[in-house]
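Just below is one structure, and these are the notes that go with it.
The values are calculated or read from the model by the stated rules, or taken from the named source; none is laboratory data. The structure displayed is predicted, hence computed values, not measured ones. Every residue, glycine as well, gets a Cβ built from its backbone with ideal geometry; the counts of neighbours run over all protein chains shown.
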Amino acid sequence: MGSRPPESLPRAFFDRPVLDVARDLLGRVVVHTSDDGVDGVGGGTVAVRLTEVEAYAGPGDPGSHAARGRTPRTAVMFGPPGHAYVYFSYGMHWCANLVCGPEGTASAVLLRAGEVVSGLELARHRRPTARKDVDLARGPARLAAALGLGQVQDGADLCAPSSALRVLDGRSPSSSSEILTGPRVGVSGEGGDGARYPWRLWLTGEPTVSAYRVAAPRRRRAGSAPTTSTTTTTRPTDEESTQ
DNA sequence: ATCCCGATTGCCT
DNA sequence: GGCAATCGGGATA
């Protein structure tokens with residue numbers, strides 16, 4: 001038997017309502033191969049099995065980067081599905097989304113967390129502060145770092161043949177009964193009612209699922225009273241809503 | 001030109 | 001649990 005590389009998901013997979021895609025992405029494996037030496041360790045391949053994702057529904061979704069229409073940064077979201085939207089966050093992190101739906105809907109799924117299933121050594125090099133392997137891709141910026149995703153991958157076509165970044169095809173990797181949902185993490189502008197968009201989805205009992213934090217209000221300028229600390233952190237449990 | 005603040009993380013007490 | 005780091009996007013003047 002010739003051993004071909006595992007195939008990437010077809011574009012049609014992403015060309016559907018964003019919540020459907022989000023559900024189907026859980027349990028699947030994202031692979032990124034870098035042949036250059038930009039990492040200082042010669043590049044290589046890292047694979048992450050997704051355990052947590054978050055859906056964003058385009059201009060009508062107040063929590064989406066596309067909420068204020070098309071801008072240079074969000075242009076990729078308004079393009080065809082099956083591409084990566086990678087953005088710079090808090091002046092120091094990169095986070096990766098997969099563009100979904102028909103072209104122009106600007107919907108996308110944020111890759112929030114996963115389990116490194118291949119390329120452990122390279123992932124550890126890229127995430128030197130991770131204490132345990134379970135923390136390597138536990139969080140959107142951590143996941144992007146472990147995979148080696150950044151500015152260069154913004155706009156990358158995951159469905160192109162031999163793309164360096166892809167989602168592996170495979171049989172239904174998770175049943176809907178294993179999927180839990182809850183409010184999105186860190187998203188403000190939802191009127192304090194995150195329940196309006198319970199579009200964070202994760203797999204039951206996975207240790208790699210990121211901690212939940214409510215949107216943290218910015219501290220005021222000097223002189224103002226410090227804002228009440230709202231960085232509540234909790235482990236997602238079955239107490240949150242189910243599908 | 002300037003201001004505000006973010007789809008976060010990790011270190012500090 | 002609190003909060004600093006760090007900088008670019010988008011709104012406002």
| query | Which residue out of A:GLY101, A:GLY139 is within 12 Å of DNA strand B (Cβ to nearest atom) and touching a residue at least 60 places away in the same chain (Cβ under 8 Å)? | reply | A:GLY139
| said: Condition first: in contact with a helix residue (DSSP H, G or I) (Cβ under 6 Å, 6 or more places away or on another chain), more than 16 Å from DNA strand C (Cβ to nearest atom) and at pLDDT below 95. Can you find one or more residues in segment A:142-158 that meet it? | reply: no
| Given the residues A:THR204, A:THR208, which is the only one that is within 15 Å of DNA strand B (Cβ to nearest atom), of a type in the set (Ser, Thr, Tyr) and modelled with pLDDT of 65 or more? | A:THR208
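Residue-by-condition table, conditions (1) out of contact with any Gly (no Cβ under 6 Å at 6 or more places or on another chain); (2) more than 27 Å from A:PRO183 (Cβ to Cβ); (3) not aromatic (Phe, Trp, Tyr):
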residue: A:VAL21; (1), (2), (3): yes, no, yes
residue: A:GLY69; (1), (2), (3): yes, no, yes
residue: A:GLY79; (1), (2), (3): yes, yes, yes
residue: A:ALA84; (1), (2), (3): yes, no, yes
residue: A:TRP94; (1), (2), (3): no, no, no
residue: A:ASN97; (1), (2), (3): yes, no, yes
residue: A:ALA106; (1), (2), (3): no, no, yes
| query | Taking A:ARG70 and the conditions (1) crowded, with 19+ Cβ neighbours inside 10 Å; (2) farther than 21 Å from A:ASP169 by Cβ; (3) over 14 Å from the mean Cα position of the chain (by Cα); (4) within 14 Å of DNA strand B (Cβ to nearest atom), which numbered condition does it fall short on, given that it satisfies the others? | reply | (1)
| message | List the residue pairs whose Cβ atoms are under 7 Å apart, where the first residue sits in segment A:60-79 and is in contact (Cβ under 8 Å) with a residue 40 or more places away in the chain and of a type in the set (A, V, I, L, M), the second is surrounded by 18 or more Cβ atoms within 10 Å (Cβ to Cβ) and assigned to a loop (DSSP other than H, G, I, E, B), and the two are 6 or more positions apart or on different chains. | response | A:ALA66/A:THR74; A:ALA66/A:ALA106; A:ALA67/A:ASP61; A:VAL76/A:ASP154
| note | Picked from segment A:105-131 (must be polar (S, T, N, Q) and assigned to a strand (DSSP E or B)), the residue surrounded by the fewest Cβ atoms within 10 Å (Cβ to Cβ) is A:SER118
| task | Report, by residue number, each residue of segment A:134-144 that is under 13 Å from A:ARG112 (Cβ atoms), surrounded by 21 or more Cβ atoms within 10 Å (Cβ to Cβ) and among the hydrophobic types (A, V, I, L, M, F, W, C). | result | A:ALA137, A:LEU143, A:ALA144
